[in-house]
Amino acid sequence: MEQIQNRVARLTAIQKIEMADAPMPKAGPGEVVVKTEYCGICGSDMPLLYGPDEAKYKNYTYPMVIGHEFAGEVYEVGRNVTGWKVGDRVVSDNTGYVCGHCPACETGNFLLCPERKGIGGDMDGGMAEYVRIPGVVLQRDPASIRRIPDNMPFEHAAVMDPICNAYKAIVQEAKVLPGDNVVIYGNGPLGLFSVLIARLINAARIIVIGTRRSAPTRNPICELGATDILMADDPDVVRKVKEICGEDGVAAVINCASRSANILPEAVRMLRPGGAFIMVGYTRTAVSYEEDPADLMGHKGVTFIGHMGYDHTSWRNTLALYREGRINMDPIVTHKLPLSKWREGFEMFTNREAAKVVLVPELDQ
């Protein structure tokens, strides 16, 4: 290989990230090296820089290259690799290791493997010029990397992770039907992609409940698919949702917000009997309720579904919809920055100045 260094953004200690030259990854016998074209910045990356200090970070082996949303071209294949060749355009679902024998793995739910390790979360990731896809995951979960459609640019492929999350939450878990009413808490990338999916399946009313802080940048994007936008601090938000939806009620509430102190009780009051609450967003602090929603959930037959990422159905179907021209990500991918400006990207996301930011290693060359 002509290049012996790999420019990366890496975590060197808790809340310490730096640009550095790292050794060029090499493809082992069953491995693939991908040349990164784009890498997305995810909301879950923020604690790496800003905290809080989660216990899991203390178990990391430093330094570690960050970035779990990435796409690029196959640059090198190991001698035992079949099915992949140099130049293939691919996207990773960021799985780097699964045990292969637990109940989750046996049923193909690899993201739920208790021993799963993520690329960019537990091992070197995609905020780099080159990233290695370990052979063990390619053997146990061959679909952990996928070819992308010819009409899909790399900047869109790099943000497949959040749109696959949205597809699984709305279609596979909530089982929203055309004509159903949906409430989406949060107008960050997960919320925006949820709006896109809800519109794609012809939900009737698509109600976004966001924050005033995010409104200037993200509400105009919501308006591309949402029928109604309400503010989370509105004390009448439950009543307004019920008025909007009328006798049909709310079939599903998709929580894509990072806060949850009052969302569940509000959602249970909004939902029609038999409705579903999908917990996509999460908080890192304990939550206590003034009024325990459990009794009302029971009386109304509300289903609470804990959401974790996506599965192979999410990826296959979302890529197919993109290939057929049914998905437009352009309004949501608002900023492209050189990899060296990763900090600026983090700040723009944190300050709600951007929706989705992608980093481009080539712009540094």
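How many times 2.2 N^0.38 Å is the alpha carbon radius of gyration of the stretch 1-117?
Values: Rg = 15.9 Å, N = 117, 2.2 N^0.38 = 13.4 Å.
Rg over 2.2 N^0.38 Å, computed on Cα atoms: 1.18.
Subtracting the Cα-Cα distance from 0.36 nm times the residue separation, let me have the gained length for Asn109 to Arg79 in nm, one decimal.
8.0 nm
At 0.36 nm per residue, and after removing the present C-alpha to C-alpha distance, how many nm does the segment from Gln15 to Arg147 gain when stretched out fully?
My answer for the length gained is 44.1 nm.
When the helix-only estimate is applied to the chain (DSSP H runs of n ≥ 4, each -39,500 (n - 2.57), divided by the residue count), what is the mean residue ellipticity at 222 nm, nearest 500 deg cm²/dmol?
-6500 deg cm²/dmol
How large is the charge dipole for the stretch 209-251, taken about the Cα centre, if only the Cβ atoms of Lys, Arg (+1) and Asp, Glu (-1) carry charge, to the nearest 20 debye?
260
Taking N as the number of residues in the stretch 60-124, what is its Cα Rg relative to 2.2 N^0.38 Å? The partial results should precede the final answer.
Details: Rg = 13.6 Å, N = 65, 2.2 N^0.38 = 10.7 Å.
Dividing the Cα Rg of the stretch 60-124 by 2.2 N^0.38 Å gives 1.27.
Beyond 17 Å, what share of the Cα-Cα pairs of the stretch 1-44 is found? Please give it as a whole percent.
50
Rounded, prolate or oblate, given the Cα gyration tensor of the stretch 125-258, with a/c below 1.5 counting as rounded?
The shape class here is prolate.
Excluding Arg323 itself, what net charge comes from residues whose Cβ is under 14 Å from its Cβ, given Lys and Arg +1 and Asp and Glu -1?
+3
Taking H as built 1.01 Å from N, whose amide H comes closer than 5 Å to the amide H of Glu37, not counting residues under 5 places away?
Ala71, Gly72, Glu73
May I ask for the Rg/Rh ratio of the chain, computed from Cα atoms with Rh as the Kirkwood radius, given to two decimals?
With Rh from the inverse mean 1/r over Cα pairs, Rg/Rh is 0.97.
Of the listed pairs Lys168/Lys356; Lys300/Lys356; Lys26/Lys168, which have alpha-carbon separations greater than 29 Å here?
Lys300/Lys356; Lys26/Lys168
GNM on the chain, C-alpha springs below 10 Å: top fluctuator among Ala252, Ala169, Ala13?
Ala13
Taking the convex hull of the alpha carbon atoms in the stretch 140-204, what volume per residue do you get, in Å³?
Convex hull of Cα atoms, per residue: 110 Å³.
May I ask you to evaluate 6.51 cos²θ - 1.76 cosθ + 1.60, the Karplus curve with θ = phi - 60°, for each residue of the stretch 124-134 and list the ³J(HN,Hα) values in order in whole Hz, giving x for glycine and proline?
Rounded to whole hertz, the list is 3, x, x, 7, 7, 6, 9, 9, 8, 9, x.
Tell me which residues come under 5 Å, amide H to amide H, from Ile133 once H is placed; ignore anything under 5 positions away on its chain.
Val32, Val33, Val34
Given Cβ point charges of +1 (Lys, Arg) and -1 (Asp, Glu) and nothing else, what value in debye, to the nearest 20, does the dipole of the chain about its Cα centre take?
Details: 39 positive and 45 negative charges, 53 e Å.
For the chain, the charge dipole is close to 260 debye.
I'd like the FRET efficiency for Ala22 and Glu347, computed as 1/(1 + (r/R0)^6) with the beta carbon distance as r and R0 of 22 Å, rounded to 0.05.
My answer for the efficiency is 0.40.
Lys and Arg at +1, Asp and Glu at -1: add these up for the other residues within a Cβ distance under 10 Å of Ile17 and post the number.
Around Ile17, the charge tally is +1.
Most mobile of Thr313, Thr107, Thr12 per a Gaussian network model of the chain (Cα springs, under 10 Å)?
Fluctuation is largest for Thr107.
Describe numerically, in nm with one decimal, the distance between label points set 7 Å from Cα along Cα→Cβ at Tyr50 and at Asp248.
Placing both labels 7 Å beyond Cα along the Cβ direction yields 3.6 nm.
Could you work out the relative contact order of the chain, using alpha carbon pairs under 8 angstrom and six or more residues apart, expressed as a whole percent?
Relative contact order for the chain comes out at 17 percent.
Select from Thr211, Thr303, Thr61 the residue whose mean-square fluctuation is largest in a Gaussian network model of the chain (Cα-Cα springs shorter than 10 Å).
Per the Cα network of the chain with a 10 Å cutoff, Thr61 tops the list.
So what are the ³J(HN,Hα) numbers for the stretch 115-122, from phi and the Karplus equation (6.51, -1.76, 1.60; θ = phi - 60°), rounded to whole Hz, Gly and Pro as x?
With the stated coefficients, the stretch 115-122 comes to 9, 4, 10, x, 6, x, x, 10 Hz.
Every read-out reported here was derived from the displayed coordinates using simple, explicitly stated rules and does not represent laboratory data. In this text the structure is predicted, and so the values were computed from the model without any measurement. Heads up, the Cβs are rebuilt from the backbone with ideal geometry, glycines too, and the neighbour counts pull from every protein chain shown.
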